[in-house]
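Working notes for the structure below.
The values are calculated or read from the model by the stated rules, or taken from the named source; none is laboratory data. The structure displayed is predicted, hence computed values, not measured ones. Here the Cβ is made from the backbone with ideal geometry for all residues, glycine too, and neighbour counts use every protein chain on show.
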Amino acid sequence: MAELYLLTPPRIDASFNETLARTLDAGPVMALQLRLKDHGVDEVRKLAPALIQTCHQRGVSVIMNDDPKLAVELGCDGVHIGQEDASQKDARAAVGPKGIVGVTCHDSRHLAMLAGERGADYVAFGAVYETATKTPKSSAPLELFTWWRELFELPSVAIGGITPDNARPVIEAGADVLAVSGGVWNWPDGPEHACTAFSQLLD
């Protein structure tokens, strides 16, 4: 059954840690990606430790976006890299054999197979739906997840515009993990309710 993987909003303040704690307590979450795109590195260094502690207290892994060295410096469990970020080889060298390395593969079967051959721990396909979080470079059809699951054991992550209202077809298509940002943090009833709704779908 699929699991839930949260991405932080691009900009947060110190009070976000309280929101994060309540959200993680509302339903099972496998990982949090620190995707603090609107913060400089020094700000991330200040904000991240509290978030990492909150996650680790609950058995939730923490993945740094883009920056393998910062991931290691802050004690994250791994790093997620895009096609234009650090090389997969450098990311693995930084986080070590037990660290998590996830790779953005857009809608490309070739990039995903290449990432798998190079030892990625998961491949991410998207955008599944339209998203306001970022401008997607590709649109990943649901059959991509079905194809991947039939051929490979490596987990696939679905990302882009996923909410409790539209997640079911993605799960049924075979995505192993749902990566969600706005679909939780901007949920009209609040992020805790969104997390609970996801957990009911994923149960």
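Structure notes:
- Close pairs from the stretch 138-165: first modelled with pLDDT under 95 and small (Gly, Ala, Ser), partner in a helix (DSSP H, G or I) and crowded, with 17+ Cβ neighbours inside 10 Å, Cβ under 9 Å, at least 6 apart: none
- Meets criteria (within 20 Å of PRO10 (Cβ to Cβ) and either of a type in the set (Phe, Trp, Tyr) or surrounded by fewer than 20 Cβ atoms within 10 Å (Cβ to Cβ) (or both)) for THR146: no
- Matching residues in the stretch 93-133 - criterion: being modelled with pLDDT under 95 and under 14 Å from the mean Cα position of the chain (by Cα): THR133
- Pairing residues of the stretch 117-133 that are touching a residue at least 12 places away in the same chain (Cβ under 8 Å) with residues that are aromatic (Phe, Trp, Tyr) and in a loop (DSSP other than H, G, I, E, B), at Cβ distances under 9 Å and at least 6 apart in sequence or on separate chains, gives VAL123/PHE152.
- Out of ASN17, ASN65, one residue alone is farther than 20 Å from HIS106 by Cβ and without any contact (Cβ under 8 Å) to a residue 60 or more places away in the chain. It is ASN17.
- Candidates ASP66, ASP77, ASP90, ASP85 - the one that is over 17 Å from the mean Cα position of the chain (by Cα) and not aliphatic (A, V, I, L, M): ASP90
- Of all residues making up the stretch 105-116, the number that are surrounded by fewer than 24 Cβ atoms within 10 Å (Cβ to Cβ) and at negative phi: 8
- Qualifying residue in the stretch 190-203 (condition: surrounded by 17 or more Cβ atoms within 10 Å (Cβ to Cβ) and part of a loop (DSSP other than H, G, I, E, B)): no
- Positions within the stretch 1-53 being β-branched (Val, Ile, Thr) and surrounded by 14 or more Cβ atoms within 10 Å (Cβ to Cβ), in sequence order: THR8, ILE12, THR19, THR23, VAL29, VAL44, ILE52
- Any chance LEU4 is under 16 Å from VAL62 (Cα atoms), outside any loop (DSSP other than H, G, I, E, B) and under 18 Å from the mean Cα position of the chain (by Cα): yes
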